[in-house]
Amino acid sequence: MEKSPTTKESLSKAWLVLDVDGVLLDSGRGGLGSWMEVFSERFNVNADALREEFFVPFWDEIVAGMRDVVPSLAEALRRLRWDIDVDEALHCWFEADFVPNGDVVKWASDYARRGVSIAIATNQEHRRAKFLKERLAALLPLNGFVYSAQIGRIKSDPYFFIAAGQELELPLDKHRVVLVDDSPANVRSAQRAQWNAVHFDPSLDWRARVETLLVDHFES
């Protein structure tokens, strides 16, 4: 039997939950390279040194909400003997790294026009999460925004998605929810929490998989 067209009313019960870095934002910055290159030029330093002095020792705890980014970055800057204001450093990082993936933003906006609720689920600390929420809300009609430091778990932990579902007030039937994430570990974690999840891989037809999960559920 021929399937009936999916209505906006039916899709209003569906949720599309998107990752930020690597999905909504272009990690390669449109071929310009890492934000660290901008940071290096802006402050006349080698920002690669932040990996060992900041990201390696502190980032896992920061992104899980166990440590604040400001004193941690300040300590790293002192160790490196860089005379850089912490707020200026964070501002440079956040601004340089905010390069939207225009195709994905348009694709998600099209689903929003079809009645799908759009939300963000991301591994972030508090300061950048606030920045991203404000910037992304100007690009997409967001119905929710959850992040790891808020929940106290990162996305590779299935509890993140259990707590995120409660925070976003998602339907109990998680088959109405589809996560798009560029991390296979996060995809597996979401699936263990009974979410539909699609690996964002430009080499694969991930869009068709999302369409199947979002639409076919309501046509069956």
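Looking at (1) touching a residue at least 60 places away in the same chain (Cβ under 8 Å); (2) over 30 Å from L170 (Cβ atoms); (3) touching a Lys or Arg at 6+ places or on another chain (Cβ under 9 Å), find the lone condition where V99 falls short.
(2)
Looking at region 88-106, which of the residues that are in a helix (DSSP H, G or I) and in contact with a helix residue (DSSP H, G or I) (Cβ under 7 Å, 6 or more places away or on another chain) is farthest from L18 (Cα to Cα)? Let's see the steps before the verdict.
Taking region 88-106 first, the residues in a helix (DSSP H, G or I) are 88-97, 102-106.
Now drop any that are not in contact with a helix residue (DSSP H, G or I) (Cβ under 7 Å, 6 or more places away or on another chain), which leaves 89-90, 92-94, 96-97.
Numbers: A89: 27, L90: 24, C92: 24, W93: 22, F94: 19, A96: 21, D97: 17 Å.
Per the criteria, the residue is A89.
Can you tell me how many residues within region 145-154 are within 16 Å of A119 (Cβ to Cβ) and either in contact (Cβ under 8 Å) with a residue 40 or more places away in the chain or in a loop (DSSP other than H, G, I, E, B) (or both)?
Total meeting the criteria: 3.
Where residues in region 120-135 are touching a residue at least 24 places away in the same chain (Cβ under 8 Å) and either assigned to a helix (DSSP H, G or I) or outside the structural domain of A149 (by TED's automatic domain parsing) (or both), which of them is nearest to V177 (Cα to Cα)? Spell out how you get there, then give the answer.
Quick first cut of region 120-135, residues touching a residue at least 24 places away in the same chain (Cβ under 8 Å) only: 120-128, 131-132, 135.
Going one step further and asking which of them are either assigned to a helix (DSSP H, G or I) or outside the structural domain of A149 (by TED's automatic domain parsing) (or both), we end up with 126-128, 131-132, 135.
Values: H126: 25, R127: 27, R128: 25, F131: 25, L132: 22, R135: 24 Å.
If we take residues in region 120-135 being touching a residue at least 24 places away in the same chain (Cβ under 8 Å) and either assigned to a helix (DSSP H, G or I) or outside the structural domain of A149 (by TED's automatic domain parsing) (or both), then L132 is nearest to V177 (Cα to Cα).
Among the residues that make up region 78-88, is at least one of them hydrophobic (A, V, I, L, M, F, W, C) and in contact with a strand residue (DSSP E or B) (Cβ under 6 Å, 6 or more places away or on another chain)? So that I can check it myself, show each step before the final result.
Residues of region 78-88 hydrophobic (A, V, I, L, M, F, W, C): 80, 82, 84, 86.
From what's left, in contact with a strand residue (DSSP E or B) (Cβ under 6 Å, 6 or more places away or on another chain): none.
No, there is no match, as no residue in region 78-88 is hydrophobic (A, V, I, L, M, F, W, C) and in contact with a strand residue (DSSP E or B) (Cβ under 6 Å, 6 or more places away or on another chain).
Filter region 155-201 down to residues that are part of a strand (DSSP E or B) and free of Cβ contacts under 8 Å to residues at least 60 places away in the same chain and give me whichever is surrounded by the most Cβ atoms within 10 Å (Cβ to Cβ).
A197
The values are calculated or read from the model by the stated rules, or taken from the named source; none is laboratory data. These numbers were taken from a predicted model, which means no experiment stands behind them. All Cβ positions, even for glycine, are placed from backbone atoms using ideal geometry, and neighbour counts span all protein chains on display.
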